[in-house]
């Protein structure tokens, strides 16, 4: 583990654990070592560091290329914290695939958000097939994850009116048939269904209207 990751996790722990009261469910489903993809829904800029906190191991993040152009400082910061730029909708990115391949060969964990952008209302957007492509191409398992309530206002996080939860699901393994047929879409759909099932568990007994109600959420960096 890079020292900066451990340092970052340590200083962010009071924010997520004490101030925001984040609850992490089934963290043990994330392997403590070895190559793995972690695929989660996405509602707020706080989701990447939140997922790093929840996984409790060094992680790398696939982040949209536009974030790296906001400012020199922000580019340096997110690169320092293991973010990798991804060119959305621009075809095959050789540089990205080389980076991902090298990280997985080294047994690293990579967090990605298959929806491709944030859903500010708290509902789901269709999953893009990149997660299936990476899983089948590099024969790596995927841990599905569901983030609850980061689309809600910050004051509701602090007061616990809308407490933030992260749910991890059982690991998904690409089977031989899918790998042989390069069924990227099929495996992506498996991951998508698993995340949806976690959402159903997360909202069982809660007010479903809070799940999809449109709320102007602050843009946290």
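Please work out which residue is surrounded by the fewest Cβ atoms within 10 Å (Cβ to Cβ), limiting yourself to the stretch 20-46 and to residues that are out of contact with any strand residue (DSSP E or B) (no Cβ under 6 Å at 6 or more places or on another chain) and outside any loop (DSSP other than H, G, I, E, B). If we take residues in the stretch 20-46 being out of contact with any strand residue (DSSP E or B) (no Cβ under 6 Å at 6 or more places or on another chain) and outside any loop (DSSP other than H, G, I, E, B), then 28 is surrounded by the fewest Cβ atoms within 10 Å (Cβ to Cβ). Within the stretch 10-31, residues that are in contact (Cβ under 8 Å) with a residue 24 or more places away in the chain and at positive phi reach partners that are in a helix (DSSP H, G or I) and loosely packed, with under 14 Cβ neighbours inside 10 Å with beta carbons closer than 9 Å, at six or more positions or on different chains, in the pairs 21/158.
Within the stretch 94-106, the residues that satisfy the criterion of being farther than 16 Å from residue 38 by Cα and crowded, with 17+ Cβ neighbours inside 10 Å are 96, 99. Taking residue 122 as meeting all but one of (1) modelled with pLDDT under 85; (2) surrounded by 19 or more Cβ atoms within 10 Å (Cβ to Cβ); (3) over 30 Å from residue 206 (Cβ atoms); (4) over 14 Å from the mean Cα position of the chain (by Cα), write down the number of the exception. Failed condition: (3). Evaluating residue 177 against the criteria (1) surrounded by fewer than 21 Cβ atoms within 10 Å (Cβ to Cβ); (2) more than 24 Å from residue 16 (Cα to Cα); (3) at pLDDT 95 or above leaves one unmet condition, (3).
The values are calculated or read from the model by the stated rules, or taken from the named source; none is laboratory data. No experiment lies behind these values; they were computed from the predicted model shown. Quick reminder, even Gly has a Cβ in these numbers, built from the backbone with ideal geometry, and neighbours come from all protein chains shown.
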